[in-house]
Amino acid sequence: MNSKTIELLEYNKIKEILKGYALSNIAKERVERLEPLLDQASIETAMKETTEARAIVNISSSIPINSLSGIDIVRDKFTKGMVLSPEDLEMLAGLLKEIKRLKIFMKDKNYVAPTISLYALSTYELDEVREEIEKAIVRGRVDDRASSKLFKVRKDIAILENKIKIKLEDFLRNDRYKSYIQDSLVSQKNNRYVIPIKTEHKKQIEGSIHDKSQSGSTVFIEPEEVKKMQDKLEMYRFEEEKEVYRILSTLSVLVCEKEREININIEVMSNYDFIFAKGKYSKLIDGRSVDFNNRNYINIKGAKHPLIGRVAVPLDFEVGKNYKGVIITGPNTGGKTVTLKTVGLLTMMAQSGLHVPVDEGSEIAIFADVLTDIGDGQSIEQSLSTFSSHIKNIITILNCADEHTLVILDELGAGTDPGEGMGIAVAVLEELYNKGAIICATTHYSEIKEFAQNHEGFINGSMAFDINTLKPLYKLNIGKPGESNAFLIALRLGMDEKLIGRAHTITYKEQKDYSQYKDQYEVIIKDEVEVKKHLEQVEKIKIGINKSKEAEKSNKKEMFNVGDCVFVSSMNRTGIICEGENAKGEYGVMIMQKKIKINKKRLSLYIEKKELYPENYDFDIVLKTKDYRKKDKLINKGHGKGISIELEERDK
């Protein structure tokens, strides 16, 4: 099946959910390989298995399926004739036990699952192998009673180990060695019992050193008096290992002799795991079986997209009998794309032997391929625009399409000039029809609706929309073209009717008065709140601007202060600042008893005023004439009637 279709229709998401119901890795891998089948007999067999599995799931939630965890590794071992570990044997015994339970479970299910219940009859219980393993292996270990020899040697080991421990504990309690001992604890090093002795006293103890501590302060010594007993213990342990190996080898031979039967059991168990995963998924989506045909006829009733669930609005869809192409129109978010995806995905699922969420009496055609062009499709990697990507995909579809394909096209001709896009759309539809493909397409172009209405083999369909609530109904009406409700929707949402009238004139080259609809459709969205919020935001930004200006003004710092001695670069001499900076960036400078306006760029600080004059010094003495000071004094005392100070005099 086309890889792009698998991605666009989200077929892999269905498989991921299905894998969650499988217990074994073998069944999960089988789900991963799952794809639509092409042979009708194979499809119907797979569908029948799912139907029977669903029937069993409905009456029993506890199905004895073994997880087969790690079974591949075990199978690889006994196939190669290797000796199996106790864990491996215990796993096989568990499988045989579940096979026995499964056989009993399926025996009384033939009335609801006559086909798959028979699969259990091909399994082998192998009671003698299972019993031998269960007798010899307990809790992942070869049991003491697996053989009389093993029982005896393990008993001898236990007795001798106890004697050695008693001997060493007596050694630790002996006052003679008390000062030599680091810790009163018997431990094991290199499978030999030892005692911890301080390094400086190691020569006072007869025996063999088997290890020392990381710090070097302690050595672990096997006293000479227990050496013979430990040598004998090692001999017993060797005998134990030999007997354990013999028992495991014998059991492994039993398993190898039944290699074929065990492989069949694994195959049947994993097959049941896969089938029941399909049955459990069917229950999840409330799925059911459908009829199949090779006539390119699709008739699905009450269909729901499996990834949307039971909240989806049921879809009735038919194509392939009286017409081969369905052109669906309607508003955005009205469910057009979901309709296309539902038809395509359910076709792929049914051909894979999966139940689909439809009503009884649904029928699906078997296609060699489902070809799709859905969604944006923009490719950043290949630097393709949306339109270019669509055209590239449509070219591939045209090259592959024939009477064995289902073609699904979303927003055909979109992404370019409307006139040219419409022309391409019609040409593509004509070519696909001539090739014999079944076509499901969506569009916004009114010309394509006219094409479908007038062209043999095509029919219009529309997604229902409630103009009063402005909500899509997600219901497909086949045989009825969709109407554009853009202007009425805009009016309902509060757009000015004059603006809508102008839009109508531009679109249809005719005038229409939309004020007649104002009473019919009450405006449901008032914009006063947003306008008020906007004005509040504008007011806030104005306040912010004013604050910034004030801050800038307050932060503005004079480069020079009145009384500072500055150097005038243009005159190569010094002067005294007598006036602050004006709007032009000029300071008043007293030079040779004359006041001159000089730009601050030509001034540099020579001596600050605080170094020239005492604090609170009256600068008028330096900067004002004697006559100015005299008149100013009289005015300040209130005796300045008739006295005036000329502006020019102030600036001298």
Of all DSSP beta bridges with both partners in the chain, the antiparallel percent, nearest 5, is 70 percent
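Order of C440, C256 from fewest to most other C-beta atoms within 10 Å? Don't jump to the answer; show the numbers that get you there.
Numbers: C440 22, C256 16.
Least to most surrounded, the residues fall as C256, C440.
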Taking a label point 7 Å from the Cα of R260 along the Cα→Cβ vector, which residues of the range 83-98 have an amide N closer than 18 Å to it?
none
Assuming 0.36 nm per residue, please report the length gained on full extension of the stretch T505 to K301 beyond their Cα-Cα distance.
69.2 nm
With point charges of +1 on the Cβ of Lys and Arg and -1 on the Cβ of Asp and Glu, referenced to the Cα centre of the chain, which listed residue (F567, T250, F458) lies farthest in the positive direction of the dipole?
F567
Nearest 0.05, what FRET efficiency do Q453 and S61 give at R0 = 51 Å with Cβ-Cβ as r?
0.45
Quick shape check on the range 36-81: root eigenvalues a ≥ b ≥ c of the Cα gyration tensor, a/c under 1.5 is rounded, otherwise prolate if a/b tops b/c, else oblate, and it reads oblate
Which of the three applies to the chain, rounded, prolate or oblate, going by the alpha-carbon gyration tensor with a ≥ b ≥ c and a/c under 1.5 meaning rounded?
oblate
I need T443, T250 ordered by Cβ neighbour count within 10 Å, fewest first.
T250, T443
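Any idea what the dipole of the chain comes to, in debye rounded to 20, about its Cα centre with Lys/Arg Cβ at +1 and Asp/Glu Cβ at -1?
3440 debye
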Rounded to whole angstrom, the alpha-carbon centroid of the range 101-137 lies from that of the range 212-244 at a distance of 49 Å
At a threshold of 8 angstrom on Cα-Cα distance, excluding pairs fewer than six apart, so keeping six or more, what relative contact order does the range 291-483 reach in percent?
29 percent
What list of ³J(HN,Hα) values in whole Hz, one per residue of the range 150-165 in order, does the Karplus curve 6.51 cos²θ - 1.76 cosθ + 1.60 (θ = phi - 60°) give from phi, with Gly and Pro shown as x?
5, 4, 5, 5, 5, 5, 4, 4, 4, 5, 5, 4, 5, 4, 5, 5
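Values quoted throughout were computed directly from the atomic coordinates according to the rules given, and no laboratory measurement underlies them. Given the structure is predicted, the values throughout are model-derived calculations rather than measurements. Cβ coordinates were reconstructed from backbone atoms using ideal geometry, including for glycine residues, and neighbour counts include every protein chain displayed.
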